[in-house]
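Undergrad: This is the structure I have questions about; it appears just below.
The values are calculated or read from the model by the stated rules, or taken from the named source; none is laboratory data. Note that the structure is a prediction, hence the values are computed from the model and not measured. No Cβ is skipped: glycine too gets one built from the backbone with ideal geometry, and neighbour counts run over all protein chains shown.
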Amino acid sequence: MSSTVLITGANRGIGLALARHYKQEGWWVCGICRNTSSELDEVADRVIEGIDVTRAEGIARLVEAVRGQRLDLLINNAGLLCDESLGALDFDSIREQMEINAYAPLRVSEALLDNLGAGSKIANITSRMGSIADNDSGGRYGYRASKAALNAFGKSLAMDLKPRGIAVAQLHPGFVQTRMVNFGGLISPEEAAAGIAERIAALTLETTGGFWHSNGEPLPW
């Protein structure tokens with residue numbers, strides 16, 4: 001029986017590349033998104049669209065849609081990047097990034113606990129920009145703060161879920177050529193997905209809670 005992966009934000013970019021990667025590896029792929037794409041429809045075994053992971057009703061719909069489905073891997077990938085600078089801070093933008101980048105992965109992970117069991121894994125797609133120690137350029141207040149919060153949530157999830165046999169990782173994909181950065185990245189979504197999958201495969205209960213670059217480099221908190 002094939003393993004099952006559920007990926008949020010799977011309709012494009014890194015999420016879509018992850019869906020393709022796991023499908024090629026023989027996994028059963030479930031893609032979650034607000035609006036599907038023809039590319040996702042072609043690759044996923046199941047697409048659940050119309051899911052807003054920032055809202056209680058969206059989470060409730062997701063829970064009902066996958067009720068009774070064992071998940072070997074949950075990838076919290078949906079994200080939002082906006083730009084704020086000191087003197088022109090947009091707190092609505094900061095709040096939205098917190099909702100999507102930090103609160104939503106925690107909401108989804110808690111809501112799907114009944115679908116996860118011993119041997120399951122959770123991968124939170126975070127960012128190096130969530131590292132406080134690595135911040136030497138400032139700016140990006142909402143994105144940095146939301147990813148730092150996600151890292152903290154992921155670490156706590158790792159500690160709380162370790163006794164259940166569920167491992168958790170915070171993974172920075174790299175500077176990836178996606179719409180989020182106007183396709184100006186250094187690596188392709190396919191390269192990022194391959195690296196992320198390697199880190200997930202290597203994840204164990206002994207290493208649970210770590211923060212890594214997709215190339216395997218441990219990152220500072």
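Undergrad: Looking at segment 107-153, which of its residues are part of a loop (DSSP other than H, G, I, E, B), surrounded by fewer than 18 Cβ atoms within 10 Å (Cβ to Cβ) and not small (G, A, S)? Talk me through it step by step, then tell me what you get.
TA: Narrowing segment 107-153 to residues part of a loop (DSSP other than H, G, I, E, B): 112, 116-120, 126-127, 131-140.
With surrounded by fewer than 18 Cβ atoms within 10 Å (Cβ to Cβ) added as a condition, the list becomes 117-119, 132-139.
Those that are part of a loop (DSSP other than H, G, I, E, B), surrounded by fewer than 18 Cβ atoms within 10 Å (Cβ to Cβ) and not small (G, A, S): I132, D134, N135, D136.
Undergrad: In segment 140-162, is there at least one residue being hydroxyl-bearing (S, T, Y), at pLDDT 95 or above and under 19 Å from L73 (Cβ atoms)? Walk me through how you get there before you give the answer.
TA: Start the filter on segment 140-162 by keeping residues that are hydroxyl-bearing (S, T, Y), which leaves 141, 143, 146, 156.
Those left that are additionally at pLDDT 95 or above: 141, 143, 146, 156.
Keeping just the survivors that are under 19 Å from L73 (Cβ atoms) gives none.
Looking for residues that are hydroxyl-bearing (S, T, Y), at pLDDT 95 or above and under 19 Å from L73 (Cβ atoms), one finds none in segment 140-162, hence no.
Undergrad: May I ask you to say which residue of S38, S93, S85, S109 is of a type in the set (S, T, N, Q) and touching a Cys at 6+ places or on another chain (Cβ under 9 Å)? Give the derivation first.
TA: Numbers: S38 fails: touching a Cys at 6+ places or on another chain (Cβ under 9 Å); S85 fails: touching a Cys at 6+ places or on another chain (Cβ under 9 Å); S109 fails: touching a Cys at 6+ places or on another chain (Cβ under 9 Å).
Result: S93 is the single residue among S38, S93, S85, S109 that is of a type in the set (S, T, N, Q) and touching a Cys at 6+ places or on another chain (Cβ under 9 Å).
Undergrad: I would also like to ask the following. Are any residues in segment 193-207 buried (at least 21 other Cβ atoms within 10 Å of the Cβ) and outside any helix (DSSP H, G or I), and if so, which ones?
TA: L203
Undergrad: For segment 154-168, check the following and say yes or no: at least one residue is assigned to a loop (DSSP other than H, G, I, E, B), in contact with a Lys or Arg (Cβ under 9 Å, 6 or more places away or on another chain) and in contact (Cβ under 8 Å) with a residue 40 or more places away in the chain.
TA: The first filter runs over segment 154-168 and keeps only residues assigned to a loop (DSSP other than H, G, I, E, B), leaving 165-166.
Remaining after also requiring in contact with a Lys or Arg (Cβ under 9 Å, 6 or more places away or on another chain): 166.
From what is left, the residues that are in contact (Cβ under 8 Å) with a residue 40 or more places away in the chain are 166.
Yes: one or more hits.
Undergrad: Name the residue that is nearest to V176 (Cα to Cα), counting only residues in segment 64-106 that are acidic (D, E) and part of a loop (DSSP other than H, G, I, E, B).
TA: Just the residues of segment 64-106 that are acidic (D, E), to begin with: 64, 72, 83-84, 90, 92, 96, 99.
Next, from what is left, pick out any that are part of a loop (DSSP other than H, G, I, E, B): 72, 83-84, 90.
Numbers: D72: 26, D83: 17, E84: 21, D90: 25 Å.
My answer is D83.
Undergrad: Which of the residues spanning segment 125-139 are over 21 Å from the mean Cα position of the chain (by Cα) and of a type in the set (G, A, S)?
TA: Result: A133, S137, G138, G139.
Undergrad: Hey, among the residues in segment 72-106 that are crowded, with 20+ Cβ neighbours inside 10 Å and over 16 Å from S127 (Cα atoms), which one's nearest to the chain's Cα centre (by Cα)?
TA: Taking the candidates together, the pick is L74.
Undergrad: Okay, moving on. For D72, all conditions in the list (1) in contact (Cβ under 8 Å) with a residue 40 or more places away in the chain; (2) over 29 Å from A197 (Cβ atoms); (3) acidic (D, E); (4) out of contact with any helix residue (DSSP H, G or I) (no Cβ under 7 Å at 6 or more places or on another chain) hold save one; what is the number of the exception?
TA: Here D72 meets the rest and fails (2).
Undergrad: Just to check your reading of the model, which residue among R20, R12, R46 is of a type outside the set (V, I, T), surrounded by 14 or more Cβ atoms within 10 Å (Cβ to Cβ) and without any contact (Cβ under 8 Å) to a residue 24 or more places away in the chain? Lay out the reasoning, then the answer.
TA: Values: R20 fails: without any contact (Cβ under 8 Å) to a residue 24 or more places away in the chain; R12 fails: without any contact (Cβ under 8 Å) to a residue 24 or more places away in the chain.
Going through R20, R12, R46 in turn, the sole match is R46.
Undergrad: Okay, next question. Please enumerate the residues belonging to segment 1-30 that are under 18 Å from P105 (Cα atoms) and assigned to a helix (DSSP H, G or I).
TA: Once the filter is applied, which keeps residues that are under 18 Å from P105 (Cα atoms) and assigned to a helix (DSSP H, G or I), segment 1-30 yields G13, I14, G15, L16, L18, A19.
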